[in-house]
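The structure under discussion appears below in the form of C-alpha cells.
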Amino acid sequence: MRKISVSIGEEKYPILIENGLLDQLGKEIKKIYQGKKIVIITDQNVNDHYGKKVVNQLTGEGFTTKIVVLPPGESTKSFDNLQNIYNELLEFKLTRSDLIIALGGGVIGDIAGFVAATFLRGVTFVQIPTSLLAQVDSSVGGKVGINLPQGKNLVGAFCQPTAVFIDPSVLDTLTGKFFKGGMAEVIKYGCIKDKAFFNLLKGLSSRQEIMAHIEEIVYDCCMIKKKVVEQDEKDQGERLLLNFGHTLGHAIEKCHHYTGITHGEAVAIGMYHTTLRSEQMGMTKSGTAENIKEILIQYGLPYELNIKDRHKLIGAIGLDKKNTGGVLKEILLTDIGESIIYDTTCHFFEI
Ligand SMILES: NC(=O)c1ccc[n+]([C@@H]2O[C@H](COP(=O)([O-])OP(=O)(O)OC[C@H]3O[C@@H](n4cnc5c(N)ncnc54)[C@H](O)[C@@H]3O)[C@@H](O)[C@H]2O)c1
Ligand SMILES: [Zn+2]
C-alpha cells in the first residue's frame with residue numbers, strides 16, 4: 001500500500017493508494033472512524049459498479065449505512081440537489097459525529113464535500129475517488145463546491161477530508177472518454193513539475209500499459225498535488241501552477257458552451273498552445289511545444305485550436321478568475337517539468 005500524508009494548517013490526513021483497496025474498505029474505515037452511522041453519496045454509474053461492494057464492506061464491520069444515489073453528470077453539482085441531499089441526511093438523523101463518504105468522480109467529490117462542509121456546520125467526510133481525474137486531482141486539496149446557473153464552482157469551501165482512499169483498479173470500468181480526460185491532467189503534472197514522470201508517460205502507449213503502472217502514476221500525481229497545496233492551500237501562489245493549460249482550456253470550453261469537448265481535451269489544447277506562444281516569445285526551451293504535441297497525440301488527446309472567432313476566445317479569457325485588475329497570472333513552462341507564474345494580460349493569447 002502506498003501512503004501519502006497531507007498537512008494543511010492544523011489538519012493532517014492520509015491518502016492510501018492500492019489496487020483492490022475497496023475490498024478492505026470496512027477495516028480501513030474502522031481504523032479512522034469510531035461512530036456507527038455512515039452516509040454514502042454516489043452517482044448512478046458508480047453505484048451500479050461499486051455501490052453494493054462498499055455497502056457490504058461497511059455493514060460487514062457493523063456500520064449502519066444509507067446510500068444517496070444522484071444522477072451522473074455535471075448538472076448534479078447544483079444548488080437544487082443540495083436540498084434533496086440535506087433532506088436525506090435529516091431523515092437518516094445524521095449527526096455531526098457521524099460520517100459522510102463521497103464515492104465517485106469529481107462531481108460527487110465536490111458536492112458531497114460541500115454537503116459535509118455545510119451540513120450542521122460540518123460533518124467528517126472521506127473521499128473515495130473513482131474517476132482518474134478525481135484520483136489524481138479533485139480529491140486532493142480540499143476544494144469543494146457546486147455550480148450556479150451563472151457559472152461553474154461559484155459556491156464552495158475549503159474543507160479537508162479525514163482520509164482519501166484510492167483504489168486505482170476501479171478505473172477499469174471508466175469509459176474511454178473520461179480516462180483520456182484524466183490523462184490530460186496526469187500529463188499536466190509532468191509538464192509543470194516532473195520531467196522524469198513526463199518521460200515515464202512517454203514510454204507508455206496503451207491503456208493496458210498505463211493500468212499496469214497505475215498505482216505509481218496516481219501516487220506521483222497525488223505527491224505533486226500534495227506538495228503544491230501544502231505550500232498554498234488557498235490559491236494565492238504555488239497552487240496556481242496547477243492551472244497550466246487551464247486559462248485557454250476554460251475559454252475553449254466556454255466557446256463550445258461546455259458541450260462536445262471535455263475538460264481534459266480543452267486543457268490538452270490549452271497546454272500545447274500556451275507553450276507554443278511562450279516558445280515564440282523566447283521564454284520556453286525550443287522543442288517543448290512539439291514534445292507536448294507528441295504526448296497528446298500518443299494519448300489520443302487533441303492539440304489543434306479550432307476556434308475561428310478569436311475575439312470571442314480572447315473575451316472569454318478576459319473573464320477568467322485568474323484575471324484580476326487586468327493582470328492575468330498565466331502559467332508557462334520554461335522547460336518540461338519547470339513552470340513559472342507569469343503576469344500578463346489576455347492579449348498574450350492573440351496568436
Ligand atoms: N475540487 C477540485 O479541486 C476539483 C479539481 C478538478 C475538477 N473538479 C471538478 O470535478 C468534476 C469533474 O470530475 P470527473 O471528470 O470525475 O467527472 P464525473 O464525476 O462526472 O465522473 C465522470 C463520469 O465517470 C463516471 N464514473 C466515475 N467513476 C467511475 C468508475 N470507476 N467506473 C465507471 N464510471 C465511473 C461518472 O458516473 C461520470 O459519468 C467537475 O465538476 C470539476 O469542476 C474539482
Ligand atoms: Zn483541470
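The values are calculated or read from the model by the stated rules, or taken from the named source; none is laboratory data. All values derive from a computational prediction rather than experimental measurement. Cβ sites come from the backbone with ideal geometry, for glycine too, and all protein chains shown count toward neighbours. Note: areas computed on protein heavy atoms with side chains; ligands, DNA, RNA excluded. Shrake-Rupley method; radii C 1.70, N 1.55, O 1.52, S 1.80 Å.
Can you tell me how many residues in region 234-249 are within 11 Å of ligand 1 (Cβ to nearest atom) and either assigned to a loop (DSSP other than H, G, I, E, B) or at positive phi (or both)? Give the derivation first.
Initially, region 234-249 is screened for residues within 11 Å of ligand 1 (Cβ to nearest atom), giving 235, 239, 242-243, 246.
Next, only the ones that are either assigned to a loop (DSSP other than H, G, I, E, B) or at positive phi (or both) stay: 235.
Going through region 234-249 one residue at a time, the tally reaches 1.
From the list Ile85, Ile108, Ile128, the lone residue that is aliphatic (A, V, I, L, M), more than 16 Å from ligand 2 (Cβ to nearest atom), part of a helix (DSSP H, G or I) and under 13 Å from the mean Cα position of the chain (by Cα) is Ile108.
From the list Leu103, Leu132, Leu148, the lone residue that is modelled with pLDDT under 95 and within 13 Å of ligand 1 (Cβ to nearest atom) is Leu148. Could you check, for region 175-195, whether at least one of its residues is in contact (Cβ under 8 Å) with a residue 24 or more places away in the chain, under 28 Å from Ile40 (Cβ atoms), touching a helix residue (DSSP H, G or I) at 6+ places or on another chain (Cβ under 9 Å) and away from ligand 2 (no atom under 16 Å from the Cβ)? Checking region 175-195: at least one residue is in contact (Cβ under 8 Å) with a residue 24 or more places away in the chain, under 28 Å from Ile40 (Cβ atoms), touching a helix residue (DSSP H, G or I) at 6+ places or on another chain (Cβ under 9 Å) and away from ligand 2 (no atom under 16 Å from the Cβ).
Within region 248-262, the residues that satisfy the criterion of being within 13 Å of ligand 2 (Cβ to nearest atom) and in contact with a helix residue (DSSP H, G or I) (Cβ under 6 Å, 6 or more places away or on another chain) are Leu248, Gly249, Ile252, Glu253, Thr262.
If a residue has to be of a type outside the set (Gly, Ala, Ser) and open to solvent by 10 Å² or more (accessible area, probe 1.4 Å) to count, how many in region 95-122 make the cut? Before you say what the answer is, go through the steps one by one.
The first filter runs over region 95-122 and keeps only residues of a type outside the set (Gly, Ala, Ser), leaving 95-96, 98-101, 103, 107-108, 110-111, 114-115, 118-121.
Filter again for open to solvent by 10 Å² or more (accessible area, probe 1.4 Å), leaving 95-96, 98, 107, 110, 114, 118-121.
Final tally of qualifying residues: 10.
Tallying residues that are open to solvent by 50 Å² or more (accessible area, probe 1.4 Å), among the hydrophobic types (A, V, I, L, M, F, W, C) and either within 16 Å of ligand 1 (Cβ to nearest atom) or part of a helix (DSSP H, G or I) (or both) within region 256-294 yields 1.
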